[in-house]
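Asker: Got a structure for you, written out below as structure tokens; questions coming shortly.
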Amino acid sequence: MTSSVPSAGPSEATYRSIVEHAIEGIFQTTPDGRYLLANPALAHIYGYASIEELFGNVQEIARQLYVDPERRTEFIRLMNEHDSVWGFESPIYRKDGSIIWISENVRVIRGADGKVEYYEGTVEDITERKRAEEELRRAKTAAEEASRSKSQFLANMSHELRTPLNAIIGYSELMREEAEDMGLESFIRDLAKIESAGKHLLELINGVLDIAKIEAGKMEVHAETFEVTKMLHEVATTITPVVERNNNHFEVVPTGELGTMHTDLTKIRQSLFNLLGNAGKFTNQGLIRLEAERVATPEGDWLHFSVRDTGVGMTAEQMAKIFGAFTQADASTTRKFGGTGLGLAITREFSRMVGGDTIVESQPGKGSVFTMRIPANFKNAQDEHPVVEPEPVRTGDIPIAEGDQPLVLLIDDDLTVHDLVRRFLHKEGFRVVCASSGAEGIELARKLQPSIIVLDVMMPTMDGWSVLTRLKGDAEVSDIPVVMLTMVNNKEMGFSLGVDDYMLKPIERGGFVSVLRKYCSPQGSPTVLVVEDDQTTREMLRASLEKEHFTVVEAVNGADGLRQLQNVRPAVVLLDLMMPEMDGFQFTQEVRANSQWRDIPILVMTAKDIDADDRARLDGQVSRILQKGACGRDELLAEITSRIARATRPNELIAV
Amino acid sequence: MKKLLLVEDNEMNRDMLSRRLERRGYQVLIAIDGAQGIAEATRHLPDLIIMDMSLPVLDGWESTRRLKEQNETKTIPVLALTAHAMAGERDKALAAGCDDYDTKPVDFTRLLGKIENLLPGAGAVA
């Protein structure tokens, strides 16, 4: 083997050495999940001292190694299809029960008859990379969250800024009028400047507020039906003085019959004001045209509005920037022409919110054409039914999903709230039925006997307080809990009228769900408390459990688990034994010592080898001990389900 | 002289608006919350009520609703003042029985136009 004669290829010893010393795990496995070959690196990655120990312990790869046994099935499916798999990533149990992520590169080896003989390939531990990816994802979510809070703050702040500005503008107008009466010429000029600066500041604040609301997702679409020609006439009347200021000529040129639109009138009007105001600002002694045309497409009618000017125009580079917030074509533009640079950003966002878009064509020195294309009928693209239904829903044909999940009755005149609440409560395991008026709400409450009623305070015709009084005065429904949705805190009034709880608008999803759970824990989704110090395992369990419609509450150690029990009463506790601060043994003792918690089933999941001593400590205290790694996901779920079923007869709880 | 009732809790807005309206030849009565607004309206029967919507004690919507339920006050036009930011507020103002609305900050010329439109015998300012 140490021959100096060059051989045809590396010797067997060389191959052996490569396999023995490789950093990556190398293996051969049979289709039924046994090891034929493994190298020390593989045993090391999986937490075993030697290859022998690995072979001795792992007889069934799918169930013992893969956290999700389905991964092995998926792996085999891919192998059959492609004969090789590259970068197949899965979470894996190590010997001690901890979870790591691996990436496998594998190919299939077939015999002469084409039948699969074995698979061979390499394994790399990618846990660190996965962790880094996860951190990155979290950082991104946190950054987006921070950006939203900032926008929310801006929206609130802008509103506060208006109040003093109201006084500044009002008093300067008042003083100017009085100065005019008294003939105080020099005062008039200065007061007019204060007034004009105040109005400019107000415009800036309005722009910032609009942008902040758009970014915070608080800008809503209120669709209404209107005649396009009439709207154009109103816009033209208002904007003509502004557009004609630089000795421009302004004309409105409709093509054909424009008909009606059903969309957000205020946003369309403001967008046209922005485009026309800009055209006027950047054009001197030129022509400004507002053109409008109705265009039929297979997806329905669209309205095209174009604002054409003969002004300064823009280069391609400038055009690329103008729709960004706070940018004008360049900084010198701001000095020369003033303005916030928000108008075009707002216009584009508005047109997109109603399902259309705004585009620009321009040449320097030749002028610009801004075209806004808007669907004639606004549809909410996300769920493909109109957010605003002109007629109230009739009680007879409200579809209510079958099932035994708790039924939430929402009474609110704002249909966008219906849509929002319905979508997120559905995900949380509630059934939702909505009423858009107090009268309809009362009727539905009687007919459907919901588990809980969520009631908006501010509604036309019959407000929330009147609805509440009626509900609480009606023996058929008076015992159904009512949660008020309100923008203003008015607790005294509410509690005296029999309100059970409050939620503040705008609705914050987490808070909303936790209030609902206080009154009706969805039977379809019992709560499981997972007490486990390893984050990866917790997340894995959460994912599996939530998929099965369990509600998951996490605790990072025993002490944290006890704290969680103060707030929630889980149907089952899933408990790890080895944890810092307070271990599973002590946690179990504390739970069993408390009369209120005594009958909650506890399932111990442990990677520890349970010895007789441990067993004695847990005897009679826990419902079942499951060995991590040895117990598959389905088995775990079945165990949880059976414990929940038995929990109605707590005496049956026996440790095994 | 036409009699206007201004229901507004913000002191500066109240002072400024009432002075400007007086300059235009209106007699202006003042109330600082919804409950006081109803009391003043019932006692003095003004020609028109300008009502801020976000008021303490009793808000503008509820106050308007009650004014429109009372026989002696139900024919008095109510002009709602709503915050510009809240799109839903104007619909709610109209639903509560307000005859017209204007947004804050107030554009005084526009507000005068609306007042004159709503007054019985439109435009006849003493």
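Asker: Do we have A:Asp83 as under 20 Å from A:Asp534 (Cβ atoms) and among the charged types (D, E, K, R) here? Quick ask: steps written out before the conclusion?
Answerer: Numbers: under 20 Å from A:Asp534 (Cβ atoms): no; among the charged types (D, E, K, R): yes.
Spelling it out, it is not the case that A:Asp83 is under 20 Å from A:Asp534 (Cβ atoms) and among the charged types (D, E, K, R).
Asker: Of the conditions (1) surrounded by 14 or more Cβ atoms within 10 Å (Cβ to Cβ); (2) β-branched (Val, Ile, Thr); (3) over 24 Å from A:Leu265 (Cα atoms), A:Ile205 fails just one. Which one is it?
Answerer: Only one criterion in (1) surrounded by 14 or more Cβ atoms within 10 Å (Cβ to Cβ); (2) β-branched (Val, Ile, Thr); (3) over 24 Å from A:Leu265 (Cα atoms) is unmet by A:Ile205, namely (3).
Asker: Could you check A:Glu20 against (1) touching a residue at least 24 places away in the same chain (Cβ under 8 Å); (2) in a helix (DSSP H, G or I) and say which number it fails?
Answerer: Only one criterion is unmet by A:Glu20, namely (1).
Asker: Also, quick follow-up: Does A:Val513 count as modelled with pLDDT of 80 or more, among the hydrophobic types (A, V, I, L, M, F, W, C) and either in a strand (DSSP E or B) or surrounded by 15 or more Cβ atoms within 10 Å (Cβ to Cβ) (or both)?
Answerer: Numbers: modelled with pLDDT of 80 or more: no; among the hydrophobic types (A, V, I, L, M, F, W, C): yes; either in a strand (DSSP E or B) or surrounded by 15 or more Cβ atoms within 10 Å (Cβ to Cβ) (or both): yes.
Spelling it out, it is not the case that A:Val513 is modelled with pLDDT of 80 or more, among the hydrophobic types (A, V, I, L, M, F, W, C) and either in a strand (DSSP E or B) or surrounded by 15 or more Cβ atoms within 10 Å (Cβ to Cβ) (or both).
Residues checked against (1) over 24 Å from the mean Cα position of the chain (by Cα); (2) modelled with pLDDT under 75:
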| position | (1), (2) |
| --- | --- |
| A:Gln449 | yes, no |
| A:Ile453 | yes, no |
| A:Met459 | yes, yes |
| A:Met462 | yes, yes |
| A:Thr469 | yes, no |
| A:Gly473 | yes, no |
| A:Glu492 | yes, yes |
| A:Val499 | yes, yes |
| A:Arg542 | no, no |
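Asker: Which one of the conditions (1) buried (at least 18 other Cβ atoms within 10 Å of the Cβ); (2) more than 14 Å from every other protein chain (Cβ to nearest Cβ); (3) touching a residue at least 60 places away in the same chain (Cβ under 8 Å) does A:Thr260 fail to meet, given that it meets all the rest?
Answerer: It fails just one condition, (1).
Asker: If I filter the stretch B:27-46 for residues that are at pLDDT below 90 and either surrounded by fewer than 16 Cβ atoms within 10 Å (Cβ to Cβ) or closer than 30 Å to A:Gln270 by Cα (or both), do I get at least one hit?
Answerer: So the first thing to find is which residues in the stretch B:27-46 are at pLDDT below 90, and the list is none.
Taking every residue of the stretch B:27-46 in turn, none turns out to be at pLDDT below 90 and either surrounded by fewer than 16 Cβ atoms within 10 Å (Cβ to Cβ) or closer than 30 Å to A:Gln270 by Cα (or both).
Asker: Then there's this: Please enumerate the residues belonging to the stretch B:43-54 that are within 11 Å of another protein chain (Cβ to nearest Cβ) and of a type in the set (A, V, I, L, M). Reasoning before the result, please.
Answerer: Here is the first cut: in the stretch B:43-54, the ones within 11 Å of another protein chain (Cβ to nearest Cβ) are B:53-54.
Answer for the stretch B:43-54, where residues must be within 11 Å of another protein chain (Cβ to nearest Cβ) and of a type in the set (A, V, I, L, M): just B:Met53.
Asker: Can we say A:Asp190 is among the acidic types (Asp, Glu) and within 13 Å of another protein chain (Cβ to nearest Cβ)?
Answerer: On the way: among the acidic types (Asp, Glu): yes; within 13 Å of another protein chain (Cβ to nearest Cβ): no.
Spelling it out, it is not the case that A:Asp190 is among the acidic types (Asp, Glu) and within 13 Å of another protein chain (Cβ to nearest Cβ).
Asker: A further question on this structure: With respect to B:Glu62, is the statement that it is farther than 22 Å from A:Pro164 by Cβ and at the interface with another protein chain (Cβ under 10 Å from one of its Cβ atoms) true? Outline the logic, then answer.
Answerer: On the way: farther than 22 Å from A:Pro164 by Cβ: yes; at the interface with another protein chain (Cβ under 10 Å from one of its Cβ atoms): yes.
So B:Glu62 passes the test.
Asker: Then there is this: Could you pull out every one of the helices (runs of 4 or more DSSP H) wholly within the stretch B:56-126 that has 2 or more residues that are at pLDDT 80 or above, on the phi < 0 side of the Ramachandran plot and not aliphatic (A, V, I, L, M)? Spell out how you get there, then give the answer.
Answerer: Values: elements: B:60-69, B:87-95, B:108-118.
Once the helices (runs of 4 or more DSSP H) in the stretch B:56-126 are filtered for at least 2 residues that are at pLDDT 80 or above, on the phi < 0 side of the Ramachandran plot and not aliphatic (A, V, I, L, M), what remains is B:60-69, B:108-118.
Asker: Further, regarding this structure: Go over the candidates A:Glu244, A:Glu227 one by one and state the one that is modelled with pLDDT under 90 and of a type in the set (Asp, Glu). Working first, answer last.
Answerer: On the way: A:Glu227 fails: modelled with pLDDT under 90.
Every option except A:Glu244 fails the conditions.
Asker: Answer yes if at least one residue in the stretch A:267-284 is crowded, with 23+ Cβ neighbours inside 10 Å, within 16 Å of A:Leu232 (Cβ to Cβ), in contact with a Pro (Cβ under 9 Å, 6 or more places away or on another chain) and not hydroxyl-bearing (Ser, Thr, Tyr), and no otherwise.
Answerer: no
Asker: When you go through (1) part of a helix (DSSP H, G or I); (2) touching a helix residue (DSSP H, G or I) at 6+ places or on another chain (Cβ under 8 Å); (3) more than 10 Å from chain B (Cβ to nearest Cβ) one by one for A:Gly217, which number turns out not to apply?
Answerer: Unmet condition: (1).
The values are calculated or read from the model by the stated rules, or taken from the named source; none is laboratory data. Since the structure is predicted, the reported quantities are computational estimates derived from the model, not experimental observations. Here Cβ is always computed from backbone atoms with ideal geometry, including for glycine, and neighbour counts include all displayed protein chains.
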